[in-house]
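Where a number appears in this text, it was derived from the coordinates with a stated rule and is not lab data. The structure displayed is predicted, hence computed values, not measured ones. For neighbour counting, all protein chains shown are included, and Cβ atoms are generated from backbone atoms with ideal geometry for every residue, glycine included.
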There are 2 protein chains.
Amino acid sequence: MFPNVLEVARKLIRERVQAGETVVDATMGNGNDTLFLAQLVQEEGKVIAFDIQPQAIEKTRERLEREGLANRVEMKLASHEEIDKLEISAAAIMFNLGYLPGGDKEITTQASSTIQAIQSGLRVLRPGGIMTVMIYWGHPAGETEKEAVEAFCHELSQLDYLVLKYQYINQQNQAPFLLAIERRGQ
Amino acid sequence: MFPNVLEVARKLIRERVQAGETVVDATMGNGNDTLFLAQLVQEEGKVIAFDIQPQAIEKTRERLEREGLANRVEMKLASHEEIDKLEISAAAIMFNLGYLPGGDKEITTQASSTIQAIQSGLRVLRPGGIMTVMIYWGHPAGETEKEAVEAFCHELSQLDYLVLKYQYINQQNQAPFLLAIERRGQ
């Protein structure tokens, strides 16, 4: 069976990230990706995780502590547009666009700040690194955001990036799909 | 680096086809996929390959004979709309939509017969089997055909099939992309 799109994103990241590297979870949410990334980079690596909701930070901290992974993760109560203020070279950056599952559905990522955040992330992505953007667009602002992000990706220079769109197209209910941006070079 | 779309198609097929199975090359062309499939099914397997151009049959036969693989392949000078006249259970079916590379660019696959052929192929695809459709749409009838095939795939029941669209979206020159249809069940 074809894997689900989240598994595809994780596989693409696993294939590119080395233990000890720095990676970014741009949308912490319930901490699922933060946990995945913390395991991946191992003890000498670092995850920097962003969210603007204190609830996300608390939930994620609890989960990380339970797993003994908290010391690998730096949590930031800040907008992911600020990724490029970090002096890092990131091997991978993960985005989940939409709302916090189980949280307030009125609080969603928005097209304009999402594009800013993606641009900001690309500035710190190392050559050969990857940014994955999971697009959950089954919410009121979702379609606009989806179109803006796709349009932005279409225009990325093929000399510098390769953008994969991975989507199951016969699904109902606006199933999520994946955009994965690989920065060329080694 | 992300693999090219043809490599992705072949990987999906490799993961699903067992030695000894029957598979179909719906668009023989220069025989690249026929050769790949003949190696994959091994000595006890069978490839059935279609083309309406005698030139394709000749070229492919030569290549197969050179590789000692001709006895695994049944070549049919016929339209791929006739796939379902075969009494087979196919593990994989490959389509390349467009024209024969190096051949007459006026002779291309066409939307209506392509849809017929895909439907015909799905009727003999075994549960757990896969159909890959590479869409080369950089020719005059290509855009119409692409849209028709995508629309057809969108409507396939998600109870019976899962349809993956795999595309690099920041490429110029109408780069080819892949549709892969997996039939559910084992």
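Can you tell me what share of the DSSP beta bridges in the protein assembly as shown is antiparallel? A percent to the nearest 5 is fine. If you can, show how the numbers build up before the last one.
On the way: 31 of 71 bridges.
Around 45 percent antiparallel, to the nearest 5.
Please compute one quarter of the surface area of the Cα convex hull for chain B and express it in square nanometres.
Values: hull surface 41.7 nm².
So the mean shadow area of the Cα hull is 10.4 nm².
Placing +1 at every Lys and Arg Cβ and -1 at every Asp and Glu Cβ, with all other atoms neutral, what dipole size does the stretch B:5-183 have around its Cα centre, in debye to the nearest 20? Please list the in-between numbers first.
Numbers: 18 positive and 26 negative charges, 70 e Å.
The calculation lands at about 340 debye.
I need A:V133, A:V124, A:V24, B:V163 ordered by Cβ neighbour count within 10 Å, fewest first.
A:V124, B:V163, A:V133, A:V24
Please report the net charge: other residues with Cβ closer than 14 Å to the Cβ of B:R126, K and R +1, D and E -1. Let's see the in-between values first.
Numbers: positive: B:R16, B:K46, B:R123, B:R183, B:R184; negative: B:E21, B:D84, B:E87, B:D160, B:E182.
Residues near B:R126 contribute 0 overall.
Over all residues in B:153-164, what is the mean tally of Cβ atoms on other chains that come within 10 Å of each residue's Cβ? Each step should come with its number before you reach the end.
On the way: counts 2, 3, 2, 2, 1, 5, 0, 1, 2, 6, 6, 9.
Whole-number average of other-chain Cβ neighbours for B:153-164 is 3.
On a C-alpha basis, how far is the centre of the stretch A:82-109 from the centre of the stretch B:113-157 in Å? Whole number, if you could?
36 Å
Ranked by Cβ crowding within 10 angstrom, fewest neighbours first, how are B:I169, A:I118 ordered? Mind showing how you got there, number by number?
Working: B:I169 18, A:I118 26.
Ascending number of Cβ neighbours within 10 Å: B:I169, A:I118.
May I ask what percent, to the nearest 5, of DSSP beta bridges between residues of chain B are antiparallel?
Given both bridge residues lie in chain B, the antiparallel proportion sits at roughly 40 percent.
I need the per residue convex hull volume for the stretch A:21-119, using only the alpha carbons, in cubic angstrom as a whole number. Before the final figure, lay out the partial values.
Numbers: hull volume 8.4 nm³, N = 99.
For the stretch A:21-119, the hull spanned by Cα atoms encloses 84 Å³ per residue.
Restricting to lysines 8 or more places apart or on different chains, can you count the pairs in chain B with Cα atoms under 26 Å from each other?
So the count of such lysine pairs works out to 18.
How large is Rg/Rh for the stretch A:98-146, to two decimals, with Cα atoms and a Kirkwood Rh?
Reported Rg/Rh, Kirkwood definition of Rh: 1.04.
Can you give the local net charge around B:E65? Use residues other than it whose beta-carbon is closer than 13 angstrom to its beta-carbon, Lys and Arg +1, Asp and Glu -1. Walk me through the numbers before you get to the answer.
Working: positive: B:K59, B:R61, B:R63, B:R66, B:R72; negative: B:E58, B:E62, B:E67.
Once all neighbours under 13 Å are counted, the net charge is +2.
In which sequence would B:S157, B:S79, A:S89 go, from the one with the fewest C-beta neighbours within 10 Å to the one with the most?
Numbers: B:S157 8, B:S79 15, A:S89 12.
In order of increasing Cβ crowding within 10 Å: B:S157, A:S89, B:S79.
Going by average Cβ density within 10 Å per residue, which order do the peptides A:138-144, B:25-31 take, highest to lowest? Working shown, then result.
Details: A:138-144: 14.4, B:25-31: 25.0.
Result, highest mean Cβ count within 10 Å first: B:25-31, A:138-144.
For the stretch B:70-165, what D do you get in µm² per second when you plug the Kirkwood radius from alpha-carbon pairs into Stokes-Einstein at 20 °C and 1.002 mPa s?
Details: Rh = 14.4 Å.
Once the numbers are plugged in, D ends up at 149 µm²/s.
Which log10 I(q)/I(0) values does the protein assembly as shown give at q = 0.09, 0.12, 0.15 Å⁻¹ under the Debye formula, counting every alpha carbon as one identical point scatterer?
Each listed q corresponds, in turn, to -0.58, -0.92, -1.21.
Using every pair of alpha-carbon atoms in the stretch A:1-64, split the distances into 10 Å bins beginning at 0 and state the percent of pairs per bin, rounded to integers.
Once binned at 10 Å, the Cα pair distances of the stretch A:1-64 give 22, 49, 26, 3.
Could you tally the net charge around A:K76, taking each other residue with its Cβ under 9 Å from the Cβ of A:K76, Lys/Arg +1 and Asp/Glu -1? Numbers along the way, then the final one.
On the way: positive: none; negative: A:D51, A:E74, A:E82.
With Lys, Arg at +1 and Asp, Glu at -1, the net is -3.
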